[in-house]
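Asks: I have a structure I would like to understand better, so I am pasting it below and will then ask my questions one at a time.
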Amino acid sequence: MTLLPMTDMLLKAKKEKYAVPQFNIINMEFTQAIVEVSTEENSPVILGVGEPTIKYMGMDYVMAIAEAAAKNSSIPISLHLDHGSSFEVVMQCIRAGFSSVMIDGSKYSFDENISLTKKVVESAHSVGVSVEAELGTIGGTEDNLHVHEKDVILPSSDEAIEFWNNTRVDALAVAVGTAHGMYKIEPNIRFDVISDISNSIPVPLVLHGGSGVPDQDIKRAIECGISKINVNTENQVAFSNAVRKIINSHDDIQDSRLFLRQGREAVKEMVRSKIRLFNSINKNNSSLLNI
Ligand SMILES: [Zn+2]
């Protein structure tokens, strides 16, 4: 299958009340683990790529690995720019072959966020690429940018309606009390904010900062209207812990594949648990995507 925009897979998820996972990829091992398990579980999947990963791998390697993963796959796969910081970066990704992009205008004023997002949507939609935007300010640390708890702004449903009417994005990341990275104290998720916004606009909502949120809160967030959940930190931690464990216990390892394989297995286990938690298992309905 070719790389697909995420619009149809998210609309189906919103209608049937489950969440499509976005797992960020940083190398070949992550990509293999994510696509292999998503295929086994028959779940649609979104491969997230942040700007630091594009710098780390190079655009040609990002595209080659994602296309290799999608080529022989039977499940719908999107290649999605995570937290695109500017119109220029978004355009570079679309030209390279990304099927979906996020433009993160949350650092700007509400009006500036609308005009930047609108510009991205017009360009992306003209070539069949889906767009996610962000409303409010999600706390924590993402791509070296730290947002302090006191600077977190939760959006109102009126703002969401105005934002949606003006931009027509395909997915909207909303700040609802989660934070990027791992939590030091348990997060206080505002389910009321999720429900209000979900009931006000038809666009699927996205939960960022889901790492470390208790399972029952994730389930409740999906019931309240979350249709896409981003997972990054937990896979990174699983991979690093598995690699550290084998290296620490075998100080004579020379073949790097021995520990990379362990890391890949740890990511597979995490991916499987998230797919089941988000209930996207067996939600590969390709016929719907071809309407
Ligand atoms: Zn995020």
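The values are calculated or read from the model by the stated rules, or taken from the named source; none is laboratory data. Here the structure is a predicted model, which means the values were calculated and not measured. Cβ placement follows ideal geometry from the backbone for every residue including glycine, while neighbour counts extend to all protein chains displayed. For accessibility, only protein heavy atoms count, side chains too; no ligands or nucleic acids. Shrake-Rupley method; radii C 1.70, N 1.55, O 1.52, S 1.80 Å.
Asks: Determine which member of the set Val89, Val45, Val49 is of a type outside the set (S, T, N, Q), in contact with a helix residue (DSSP H, G or I) (Cβ under 9 Å, 6 or more places away or on another chain) and more than 20 Å from Val231 (Cβ to Cβ).
Replies: Matching residue, one of Val89, Val45, Val49: Val89.
Asks: I'm trying to understand the selection: among the residues of region 91-111, which are more than 16 Å from the ligand (Cβ to nearest atom) and assigned to a loop (DSSP other than H, G, I, E, B)?
Replies: Listed by number, the residues that qualify are Gly97, Phe98, Ser99, Tyr108, Ser109.
Asks: Of all residues in region 162-176, which are of a type outside the set (Val, Ile, Thr) and either away from the ligand (no atom under 13 Å from the Cβ) or open to solvent by 10 Å² or more (accessible area, probe 1.4 Å) (or both)?
Replies: Glu162, Phe163, Trp164, Asn165, Asn166, Arg168, Asp170, listed by residue number.
Asks: Taking the residues in region 188-213 that are open to solvent by 20 Å² or more (accessible area, probe 1.4 Å) and assigned to a loop (DSSP other than H, G, I, E, B) as candidates, determine which candidate is nearest to Asn232 (Cα to Cα).
Replies: Filtering region 188-213 for residues that are open to solvent by 20 Å² or more (accessible area, probe 1.4 Å) and assigned to a loop (DSSP other than H, G, I, E, B), the one nearest to Asn232 (Cα to Cα) comes out as Gly212.
The rows are residues; the columns are (1) more than 22 Å from Lys274 (Cα to Cα); (2) aliphatic (A, V, I, L, M); (3) touching a residue at least 60 places away in the same chain (Cβ under 8 Å).
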{"residue": "Ser43", "(1), (2), (3)": "no, no, yes"}
{"residue": "Tyr61", "(1), (2), (3)": "yes, no, no"}
{"residue": "Ala66", "(1), (2), (3)": "no, yes, yes"}
{"residue": "Ser73", "(1), (2), (3)": "no, no, yes"}
{"residue": "Cys93", "(1), (2), (3)": "yes, no, no"}
{"residue": "Phe98", "(1), (2), (3)": "yes, no, yes"}
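Asks: Then there's this: Taking Asn42 as meeting all but one of (1) crowded, with 24+ Cβ neighbours inside 10 Å; (2) under 23 Å from Asp215 (Cα atoms), write down the number of the exception.
Replies: All conditions are met except number (1).
Matching residues to (1) assigned to a helix (DSSP H, G or I); (2) more than 16 Å from the ligand (Cβ to nearest atom):
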{"site": "Ser38", "(1), (2)": "yes, yes"}
{"site": "Ser43", "(1), (2)": "no, yes"}
{"site": "Val49", "(1), (2)": "no, no"}
{"site": "Val89", "(1), (2)": "yes, no"}
{"site": "Asn113", "(1), (2)": "yes, no"}
{"site": "His125", "(1), (2)": "yes, yes"}
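Asks: Being open to solvent by less than 70 Å² (accessible area, probe 1.4 Å), within 14 Å of Pro21 (Cβ to Cβ) and small (Gly, Ala, Ser) narrows it down to one residue among Ser256, Ser280; which is it?
Replies: Selected residue: Ser280, the only one of Ser256, Ser280 that is open to solvent by less than 70 Å² (accessible area, probe 1.4 Å), within 14 Å of Pro21 (Cβ to Cβ) and small (Gly, Ala, Ser).
Every residue, every condition in (1) part of a helix (DSSP H, G or I); (2) open to solvent by 30 Å² or more (accessible area, probe 1.4 Å); (3) modelled with pLDDT of 95 or more, yes or no:
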residue: Leu4; (1), (2), (3): no, yes, yes
residue: Ala13; (1), (2), (3): yes, no, yes
residue: Ile26; (1), (2), (3): no, yes, yes
residue: Phe30; (1), (2), (3): yes, no, yes
residue: Pro52; (1), (2), (3): yes, yes, yes
residue: Lys55; (1), (2), (3): yes, yes, yes
residue: Ser74; (1), (2), (3): no, yes, no
